[in-house]
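What follows is a short report on a single structure.
The values are calculated or read from the model by the stated rules, or taken from the named source; none is laboratory data. For clarity, every value in this text was computed on a predicted model and none was experimentally measured. Because the Cβ atoms are built from the backbone with ideal geometry, glycine has one as well, and the counts that use them run over all protein chains shown.
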Amino acid sequence: MTEKDRSEKNKKSLFSKLQEGLSKTKKGMMDKFDQVFSAYGKVDDDLMEEIEEILVTSDIGMDTTMKLMEKLRQEVKNQHVSDAAQVKDILKVIMQEVLDKDDKHYLIPSNPLVILVVGVNGVGKTTSIAKIAYKCRQSGRSVLLAAGDTFRAAAIEQLEVWGQRLGINVIRHQEGSDPAAVIFDAIQSAKAKKTDVLICDTAGRLHNKKNLMNELEKIYRVVNREYPEAEKETLLVLDAGTGQNAVRQAKEFNEITDVTGIILTKLDGTAKGGIILSIAEEFDIPVKYIGVGEGMDDLQEFDAKSFVDALF
């Protein structure tokens, strides 16, 4: 098998996993669209109202739905579309345009790289860190993990378990210690060993926003002072299953830190995958990874075209 053939086989495998992972969202949203488009022969106000209702009930949110519908009505008018079946193709293009942030650099490729991972507890933050670490290792980059969520003993232990499984060192302190001190020690270790990628877990106490903001600011100061030559990423982990609550979390984290990318987890376990459209429409932040399963390979680099193709 040639390298090209292997690449094509891998792409098909990833696309199959994506389709499978989005099956609940597809059933919840796209199957309804299919029923509506087959029930209506021509384009009229009733058809548009049906589309609007499906978008709203798919957890896309009212504001995003209104923007999508405005674009859809305008394109239908501009293209002089009268057949209901053609509206589906227009909707597909509009969704892809909303999701495509033209950001193909899933993670900054240069080394050294420091990744701060933020997000509330329970969204799959630690597991996402492990999966990113695995991807970096698979691409030939050396990795170090920092257990910066020092307010939960379980978070430190969970990261250590992942580190042991992956054969990656974890820098940790005792529970309740200063997170910035953990990151400081991790940076010294990464520099000494010329590690390519340092991935830092952080606390997810959004209910105590002021403390969290102060903590993150301190961590940023340490990173910038101790490792000015490193590239920086701040990835926000959101649980797709929480629907509009994920949008609220994105808003609040974006207010207190400079988020460079979003990881949307647990898409395989929810019919609320439409939330990704709401996040993409409201924030100028690229979705960099999506979680479509439990396996290490099931955290996929997000591609707007593949995502919409898998839905449709």
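For the stretch 271-284, the count of residues that are outside the structural domain of Glu53 (by TED's automatic domain parsing), modelled with pLDDT of 90 or more, among the hydrophobic types (A, V, I, L, M, F, W, C) and in contact with a Phe, Trp or Tyr (Cβ under 6 Å, 6 or more places away or on another chain) is zero.
Only one of Asp83, Asp89, Asp45, Asp34 is modelled with pLDDT of 85 or more and touching a strand residue (DSSP E or B) at 6+ places or on another chain (Cβ under 9 Å); which? Explain how you work it out, then say what you get.
Values: Asp89 fails: touching a strand residue (DSSP E or B) at 6+ places or on another chain (Cβ under 9 Å); Asp45 fails: touching a strand residue (DSSP E or B) at 6+ places or on another chain (Cβ under 9 Å); Asp34 fails: touching a strand residue (DSSP E or B) at 6+ places or on another chain (Cβ under 9 Å).
Answer to the selection: Asp83.
Can you list residue pairs whose Cβ atoms sit under 8 Å apart, with the first residue in the stretch 156-169 being over 13 Å from Leu144 (Cβ atoms) and the second being surrounded by fewer than 17 Cβ atoms within 10 Å (Cβ to Cβ) and at pLDDT 95 or above? Count only pairs 6 or more apart in sequence or on different chains. No pair meets every condition. Within the stretch 182-208, the set of residues being among the small types (Gly, Ala, Ser) and in a loop (DSSP other than H, G, I, E, B) comprises Ala203, Gly204. Scanning the stretch 250-300 for residues that are closer than 19 Å to Met95 by Cα, part of a helix (DSSP H, G or I) and either polar (S, T, N, Q) or touching a strand residue (DSSP E or B) at 6+ places or on another chain (Cβ under 9 Å) (or both) yields Leu267, Ile275, Ile276, Ser278, Ile279, Ala280. Do we find a residue being over 16 Å from Leu107 (Cβ atoms), outside any helix (DSSP H, G or I) and at pLDDT 95 or above anywhere in the stretch 137-147? There is at least one residue in the stretch 137-147 that is over 16 Å from Leu107 (Cβ atoms), outside any helix (DSSP H, G or I) and at pLDDT 95 or above. For the stretch 197-241, residues that are exposed (fewer than 13 other Cβ atoms within 10 Å of the Cβ) and either in contact (Cβ under 8 Å) with a residue 60 or more places away in the chain or under 25 Å from Ala280 (Cα atoms) (or both) total 2. Every condition in (1) touching a residue at least 40 places away in the same chain (Cβ under 8 Å); (2) over 25 Å from Lys218 (Cα atoms); (3) among the β-branched types (Val, Ile, Thr) holds for Val143 except the one numbered (2). Among the residues of the stretch 209-249, how many are in a helix (DSSP H, G or I), over 20 Å from Ala192 (Cα atoms) and of a type in the set (Val, Ile, Thr)? Residues in the stretch 209-249 being in a helix (DSSP H, G or I), over 20 Å from Ala192 (Cα atoms) and of a type in the set (Val, Ile, Thr): 2 in total.
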